[in-house]
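Step one of this worksheet: look at the structure below.
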């Protein structure tokens, strides 16, 4: 008696790009039916493009033409007070708009602040007038954007740690060299700064950089309903009281927050 042929079902998935398709969100599944003696039969079906896991804000929901650019007086306060106020504000440069989701405060007499060294060629911008930018190269790899706080000569700033994209996603992806709409795109101060394309213009700011003249604007935005606080990241060299100080702030509920998230909690 002849034994029936057994078929083995194998599913292989290939990306759309490998098939010559330009839509990187689409993919193709190929079902291969095989038996020991029968020829290979192919059946192909296409999957619908997946929806973004982290929806991107719609720029049409906000009229940026009518949002005011924050003036010098807004920044002329203690960095610890300025930091949470920057949450929810918008960063705009060219066609890109981001919403600030995470920051850290650095104050005078703070053993984690660059101003602790006094005024040097590198730290001079920290002692500039509030509302200017202080840009520096970290570990020779990443550019960091800080907003100078308080009055001129004080030596304080707020580090922008993370943002959420609102418009210009394609431009952000090109500047970051990363095609994704997930938080990994802009969560982390080095990643966030890449979108600004400052690296081609500034290595380190040896003088206070006027935000508007540099092409970067900070626009008013909605106040977050809830925020999180925690110790700052990567400052193990500082004094113990400054290591544990809750001077890191983030928008509660936002996925656009850098690691570690476990150290953040309600105030």
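For each of 138, 113, 163, count neighbouring Cβ atoms within 10 Å of the residue's Cβ, then give the residues from fewest to most.
138, 113, 163
Let a ≥ b ≥ c be the square roots of the eigenvalues of the Cα gyration tensor of region 77-166; is it rounded (a/c under 1.5), or, if not, prolate (a/b larger than b/c) or oblate?
Prolate is the answer for region 77-166, as a/c is 1.5 or above and a/b outweighs b/c.
Could you please rank 136, 75, placing first whichever residue has the fewest other Cβ atoms within 10 Å of its Cβ?
Taking fewest neighbouring Cβ atoms as first place, the list is 136, 75.
Just rank 142, 242, fewest to most, by other beta-carbon atoms within 10 angstrom.
Neighbour counts put them in this order, fewest first: 142, 242.
Can you tell me how much longer the chain between residue 178 and residue 81 gets when fully stretched, taken as 0.36 nm per residue apart minus their C-alpha distance, in nm with one decimal?
31.5 nm
Laboratory data are not the source of any read-out in this text; all were calculated from the coordinates shown. Predicted, not measured: the structure shown is a model, and the values here were computed from it. Methodologically, a virtual Cβ is constructed for each residue, glycine included, from the backbone with ideal geometry; neighbour enumeration extends over all protein chains shown.
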